[in-house]
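Read the structure below first, then the notes.
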Amino acid sequence: MSDDHTHVQEFFSARAADWDRRFPDDGPAYAAAVAELGLREGGRVLDAGCGTGRALPALRAAVGPSGVVLGADLTPAMLREAARAGRDRDGTLLLTDVAALPLRSSSLDAVFAAGLIAHLPQPGENLREIRRVVRRGGVLALFHPIGRAALAARQGRELTPDDLRAEPNLRALLTGAGWRMTSYADEETRFLALAVRDA
């Protein structure tokens, strides 16, 4: 396992048990972001870096009982908390790295990724791997339940021009990975960038 993976697992393992209690009011923001994916009954969707699975109920509601919902995370403790919360009833939980997804190419309609991008060791390559598993015309949602400035304040840091989620930086990153960014919102109460796989 790479040092990046070890660091991510250590960070989230130490916080898994308290994660949902630390952020109890995020549910509506997750549901609103999932609604913007435009999923349909019977759709196939992955929550990449699903953590405790907070998006899984909204994703299941969007695709219905005939759809496929997958939740992938690198940290076993986060997946245990997802199961403890009963969210494994809304989607199949996978212990896996988004850098090497155990999924067929073009097998998904959409990928939802909450807070993931900041933890990717090689964002360009990792976004290309996510693109691989999404069909042409499929959608990627990069989400956070608070905006960049609010998150930086929470973490005690300044926003800088090289911030990965700044619109020009993220647009270039997505374009280089084969995505076309279709919308970008960075508000106090949420961050949401949507992108489409064109070819």
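The values are calculated or read from the model by the stated rules, or taken from the named source; none is laboratory data. Since we're looking at a predicted model, the values are computed, not measured. Ideal geometry is used to build each Cβ from the backbone, glycine not excepted, and the neighbour counts take in all protein chains shown. The area values use the complete protein model at the heavy-atom level, side chains included, leaving out ligands, DNA and RNA. Shrake-Rupley method; radii C 1.70, N 1.55, O 1.52, S 1.80 Å.
Here ALA172 fulfils each of the conditions (1) aliphatic (A, V, I, L, M); (2) under 17 Å from the mean Cα position of the chain (by Cα); (3) more than 25 Å from ASP18 (Cα to Cα) apart from (2). Against the condition in contact (Cβ under 8 Å) with a residue 24 or more places away in the chain, open to solvent by 40 Å² or more (accessible area, probe 1.4 Å) and among the polar types (S, T, N, Q), how does SER66 come out, does it pass? For SER66, the condition - in contact (Cβ under 8 Å) with a residue 24 or more places away in the chain, open to solvent by 40 Å² or more (accessible area, probe 1.4 Å) and among the polar types (S, T, N, Q) - is met. Within the range 149-185, being open to solvent by 60 Å² or more (accessible area, probe 1.4 Å), over 25 Å from VAL133 (Cα atoms) and among the charged types (D, E, K, R) holds for ARG154, ARG157, GLU158, ASP162.
If you take the residues in the range 43-62 that are of a type in the set (A, V, I, L, M) and in contact (Cβ under 8 Å) with a residue 40 or more places away in the chain, which one is nearest to LEU108 (Cα to Cα)? The residue in question is VAL45. In the range 95-135, which residue that is assigned to a strand (DSSP E or B) and not charged (D, E, K, R) is farthest from ALA195 (Cα to Cα)? Among those that are assigned to a strand (DSSP E or B) and not charged (D, E, K, R), it is LEU95. Among the residues that make up the range 32-42, is at least one of them touching a residue at least 12 places away in the same chain (Cβ under 8 Å), on the phi > 0 side of the Ramachandran plot and of a type outside the set (Lys, Arg)? Within the range 32-42 (the criterion being touching a residue at least 12 places away in the same chain (Cβ under 8 Å), on the phi > 0 side of the Ramachandran plot and of a type outside the set (Lys, Arg)), the answer is yes, since at least one residue qualifies. Within the range 76-94, the set of residues being in contact with an Asp or Glu (Cβ under 9 Å, 6 or more places away or on another chain) and either in a loop (DSSP other than H, G, I, E, B) or of a type in the set (S, T, N, Q) (or both) comprises ALA85, GLY91. The numbered conditions (1) of a type outside the set (Lys, Arg); (2) touching a residue at least 40 places away in the same chain (Cβ under 8 Å); (3) open to solvent by 40 Å² or more (accessible area, probe 1.4 Å) are all true for GLY124 except (3).
ARG22: without any contact (Cβ under 8 Å) to a residue 24 or more places away in the chain and basic (Lys, Arg), yes or no?
Values: without any contact (Cβ under 8 Å) to a residue 24 or more places away in the chain: yes; basic (Lys, Arg): yes.
Spelling it out, ARG22 is indeed without any contact (Cβ under 8 Å) to a residue 24 or more places away in the chain and basic (Lys, Arg).
Among the residues of the range 9-63, those that are more than 20 Å from LEU120 (Cβ to Cβ), at pLDDT below 85 and open to solvent by less than 50 Å² (accessible area, probe 1.4 Å) comprise ASP20, PHE23, ASP26.
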